[in-house]
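Single-structure report; data block below.
Readers should treat all values here as calculations from the given coordinates under stated rules, not as data from a laboratory. If you're wondering where the values come from, they're calculated on a predicted model, not measured in any experiment. Cβ atoms come from the backbone with ideal geometry, glycine included; neighbour counts cover every protein chain shown.
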Amino acid sequence: MRLIAAFFRLVRLPNLFFIALTQLLFQCCIYFPLYRDAVTQSGIIRFALLVMASLFIAAAGYIINDYFDINIDEVNKPQKMVVDKIIRRRWAIAWHFILSATGILLTAVAVPLREKWYLVLANTGCVALLWLYSTRFKKGLLVGNIVISILTAWTILIVFFSNVTIDNAFAPGSSSQPKFFRFAFLYAGFAFIISLIREAVKDMEDIKGDEKYGCRTMPVVWGINATKVYVAVWMIVLVVMLLIIQVYILQFQWWWPVAYTVLLIIIPLGLIFKKLYKASSSGDYHLLSNRIKLVMLTGILSMTFFYFYL
């Protein structure tokens, strides 16, 4: 039982649940209402396989990240370490390759290869990016944060591209197509920006270990104050973007989604913005990171409204 619990900690089980929930809500609350006639049993099975593929690839990414972060984690979070403490390094690397290969294989099974071979190639690229992130990009300035943010957005975009072909993904093939495109890139954009914010906050939290082992993250290179300004700018961009969207959807009299967004996304972001400049310790940044993650969750849960409005 101890090994099982350690394995679930290693693959970040709550984060995997978050990924599955995101893809499930996007498929059920946005795709299904827009394309009711296109929903089939085989399509549901293919979607389930695609979700499993995403989970396996993400789990493999978490494992390889911890595998290469042993020295840094001994400084930043020794009490949370699994690799080399409970699970041996050779087993960790073995599980990485098993889960990565299974994720790519499941992608190949989940999508029609003749039409959507590029999704298999894209998920293979995700595996490669997660490896490069853990070995190189994470220690560099900005690159690692951008890579993780792109992969976070891809969690939504892969569901979008699995339901449309690449030649008509951006063209209005029906009255539903433009709506599906807008929702996909709206939520992917939200995921990208808020992930950029959270990754920078996590960098501030982990500055001691990163600095000790030569990582060139924003707090190490630019300093804490400059990193806070960077985070603040992205938060302002996100809030402005959300406010513009609320003004747009008010014309449809969608009162509940607007109230939800203001109360559970925009106001919490404002409170995080306020606490950002008072934060000074690793514990402060850890608390901010968790609150940003909660806003990510409320943002994703907002998809449920569109099941009733579309």
Original post:
Taking one equal scatterer on every alpha-carbon of the chain, how large is log10 of I(q)/I(0) by Debye at q = 0.12, 0.14 1/Å?
Top reply: -0.86, -1.15
Subject >> Residues Glu205, Glu211, sorted so that the one with the fewest Cβ neighbours within 10 Å comes first >> reply: Glu211, Glu205
Original post:
Helix-derived [θ] at 222 nm for the chain: sum -39500 (n - 2.57) over DSSP H runs of at least 4, divide by residue count, nearest 500?
Top reply: -24500 deg cm²/dmol
Original post:
When only Cα pairs under 8 Å and 6 or more residues apart are kept, what is the percent relative contact order across the chain?
Top reply: 22 percent
Subject >> Debye log10 I(q)/I(0) at q = 0.13, 0.14, 0.21 Å⁻¹ for segment 97-245, Cα point scatterers >> reply: -0.73, -0.82, -1.23
Original post:
When a footprinting reagent is the concern and you count Cβ atoms within 10 Å, what order do Met204, Met1, Met218 take, fewest first?
Top reply: Met1, Met218, Met204
**OP:** May I ask for the distance between the Cα centers of segment 239-310 and segment 60-117, given as a whole number of Å?
**Re:** 31 Å
**OP:** Only helices at least 24 Å long along their axis, Cα-based, and averaging 1.0 or more on Kyte-Doolittle count here, so list those DSSP H runs from the chain.
**Re:** 41-68, 89-110, 143-163, 224-250
Original post:
Listed highest first by mean packing, meaning other Cβ atoms within 10 Å per residue, what order do 101-114, 35-48 come in?
Top reply: 101-114, 35-48
**OP:** Based on other C-beta atoms within 10 Å, arrange Met303, Met241 from fewest to most.
**Re:** Met241, Met303
Original post:
If r is the Cβ-Cβ distance from Val75 to Tyr277 and R0 is 25 Å, what FRET efficiency results, to the nearest 0.05?
Top reply: 0.45
Subject >> Of Lys85/Lys278; Lys208/Lys293; Lys208/Lys278, pairs whose Cα-Cα distance is over 27 Å >> reply: Lys85/Lys278
Original post:
Local charge sum around Ile158 (other residues, Cβ-Cβ under 13 Å, Lys/Arg +1, Asp/Glu -1)?
Top reply: +2
Original post:
What's log10 of I(q)/I(0) for segment 57-122 at q = 0.16 Å⁻¹, Debye sum over Cα points only, no solvent?
Top reply: -0.60
**OP:** In whole Å, largest first, what are the principal axis extents of the Cα atoms in segment 245-292?
**Re:** 45, 16, 12
Subject >> Among Val83, Ser149, Ile224 the positive-end extreme of the charge dipole of the chain (Cβ point charges) >> reply: Val83
